[in-house]
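The values are calculated or read from the model by the stated rules, or taken from the named source; none is laboratory data. Not measured: the values here are computed from a predicted model. Cβ placement follows ideal geometry from the backbone for every residue including glycine, while neighbour counts extend to all protein chains displayed.
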Number of protein chains: 2
Amino acid sequence: MPDQVEQWLAELLRLNDEEEKVTEKQIKIVQAAVEIFAEKGYSATSTSEIAQKAGVAEGTIFRHYKTKQNLLIAIVTPIMEKLVAPFVIRNFQEVLNVQYEHFEDFMRAMLINRLAFTRKYAPVLKVMIHEIPFNPDLQAQFMEHVSTNVVERVRRIVVHFQAQGQIIEAPADSIVRMCASTIVGYAVTRYLLAPERDWNDDEEIDLMVRFMMHGLSLNPVR
Amino acid sequence: MPDQVEQWLAELLRLNDEEEKVTEKQIKIVQAAVEIFAEKGYSATSTSEIAQKAGVAEGTIFRHYKTKQNLLIAIVTPIMEKLVAPFVIRNFQEVLNVQYEHFEDFMRAMLINRLAFTRKYAPVLKVMIHEIPFNPDLQAQFMEHVSTNVVERVRRIVVHFQAQGQIIEAPADSIVRMCASTIVGYAVTRYLLAPERDWNDDEEIDLMVRFMMHGLSLNPVR
DNA sequence: TATAATAATGAGTGATTACTCACTCTGATC
DNA sequence: GATCAGAGTGAGTAATCACTCATTATTATA
């Protein structure tokens, strides 16, 4: 776990905002904070506990992150950005038209890609999910990134495939929500609720794609 | 909101364990606690704040609920039991065989029923969802009620309809999870994420049933 | 090696925390 | 009206909270 966290941390924090200097101790702090936040929740975690686990003086935390809340934001923000990154690329719609002739291919690709992301950042995503409802700053971030950017773009894709007659004519928002529920439901079960279970990811992905494709198909049942 | 909360509270606490005496102040305390827990989270809520909002001395809270954690449990436990109640009735499977010839009817009935429940107890369910991952007692309760009771029973129903050839042959757990994701995804979006949006519940329910039925149907797509 | 700048420290701060307890209040029973 | 039991109180407690700051250690540049 430490190795893994340090790996993506170094990666993330460095390419965050034009090469801000990040010290060893900063990495240790974020590392420890993520672990404890994910285990006991943000509010139930004390800064002294973080300092102890990070092997750092408590003052060091406040030297780099002025407040405890600031530390939370510094942890969640880059992950939130990376979470939506694949949807915010410039030529999203064009890539789609060219590369994915069928809705199914698009869904499978996205599913595999974002599921790998979830595995990689599971602890931070857990903290994110839990703290968004109680933190106005995170709420604003979430609204901007996920609601405004992602949902709106995916909506357009749904409309696109509806016009092609590949999926049913129903409110695009509802279609987006049902697909998102299927995927998020798996991600949560897979990595948060029962990560120790034996999972056959390939089989589950095939099943979900089938479920969603059939669910949105025009064909009548039976 | 207060009226609503008081209504189900009186109803709940009274038929909880053979008519334990519940005072006016106890109702006020639980009422205030639920509201603040739902708004800022359990750990971020102080007992003094609860006392203030309830119009009660802080000592009164600890007279009835020995600890803050105890108060949380006293709030969540009865709702957790009611949440799974429809699945735990004695002759669940028989009712099903007689009353619901088709999988679709069963799903629609459950969907409507549990969605009404979610609307009624939304604040407590929010608290429940947020605190289960961090509270061993609630975790144990959830495992017992939801995992052991509900999932196991619904699993058997899925297998039943699979044998009848009404739905696809896939791991029953996965089918249960995908249906649960669809429903929970709607409940969360409807009552927690965007409760102020204009929702057409009947249309959404029809759409979800269609989505799940098509998703699990045997027919090949296109 | 000297100097400047930044990183790191940890004892100390007032505020707040969950919880206690000696006490008062209230209403039912004899 | 005396007695008693439980409901309710609120000042008080030790512990812990996020955060500060004067001081020291480390590093980079000259």
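Residue by residue through segment B:24-46, note down the ones that are in a loop (DSSP other than H, G, I, E, B) and more than 9 Å from DNA strand C (Cβ to nearest atom).
Passing the criteria: only B:41.
Any idea which of A:21, A:66, A:40 is under 28 Å from residue A:188 (Cβ atoms), surrounded by fewer than 21 Cβ atoms within 10 Å (Cβ to Cβ) and within 14 Å of DNA strand D (Cβ to nearest atom)? Steps first, answer last, please.
Numbers: A:21 fails: under 28 Å from residue A:188 (Cβ atoms); A:66 fails: under 28 Å from residue A:188 (Cβ atoms).
Within the list A:21, A:66, A:40, the selection yields A:40.
State which residue pairs qualify: first residue within 21 Å of residue B:213 (Cβ to Cβ) and inside segment B:88-105, second residue modelled with pLDDT under 75 and not in a helix (DSSP H, G or I) in any location, beta carbons under 9 Å apart, and separation of 6 or more residues or different chains.
B:104/A:221
If a residue must be more than 14 Å from chain A (Cβ to nearest Cβ) and on the phi > 0 side of the Ramachandran plot, how many such residues does segment B:35-82 contain?
1
Can you tell me how many residues within segment B:198-222 are free of Cβ contacts under 8 Å to residues at least 12 places away in the same chain, closer than 25 Å to residue B:119 by Cβ and out of contact with any Lys or Arg (no Cβ under 8 Å at 6 or more places or on another chain)?
7
Tell me which helices (runs of 4 or more DSSP H) are completely within segment B:126-209 and hold 2 or more residues being closer than 23 Å to residue B:34 by Cα, more than 9 Å from chain A (Cβ to nearest Cβ) and polar (S, T, N, Q), or say none if there are none.
So the answer is B:136-142.
For the structure I just gave you, tell me whether residue A:32 is at pLDDT 95 or above, more than 14 Å from chain B (Cβ to nearest Cβ) and over 30 Å from residue A:215 (Cβ atoms).
Answer is yes for this residue.
Look at segment A:53-84 and say how many of its residues are more than 30 Å from residue A:148 (Cβ to Cβ) and touching a helix residue (DSSP H, G or I) at 6+ places or on another chain (Cβ under 8 Å).
10
In this structure, does residue A:56 turn out to be more than 22 Å from residue A:136 (Cβ to Cβ) and either more than 10 Å from DNA strand D (Cβ to nearest atom) or not β-branched (Val, Ile, Thr) (or both)?
yes
Please verify whether residue A:61 is within 16 Å of DNA strand D (Cβ to nearest atom) and either under 26 Å from residue B:185 (Cβ atoms) or surrounded by 13 or more Cβ atoms within 10 Å (Cβ to Cβ) (or both), treating the condition exactly as stated.
It is true that residue A:61 is within 16 Å of DNA strand D (Cβ to nearest atom) and either under 26 Å from residue B:185 (Cβ atoms) or surrounded by 13 or more Cβ atoms within 10 Å (Cβ to Cβ) (or both).
Does residue A:109 qualify as being in a helix (DSSP H, G or I) and modelled with pLDDT under 90?
Details: in a helix (DSSP H, G or I): yes; modelled with pLDDT under 90: yes.
Yes; evaluated as a whole, the condition is true for this residue.
Can you name the residue in segment A:47-65 that is more than 10 Å from DNA strand C (Cβ to nearest atom) and under 14 Å from residue A:35 (Cβ atoms) and, of all such residues, is nearest to the chain's Cα centre (by Cα)?
A:50
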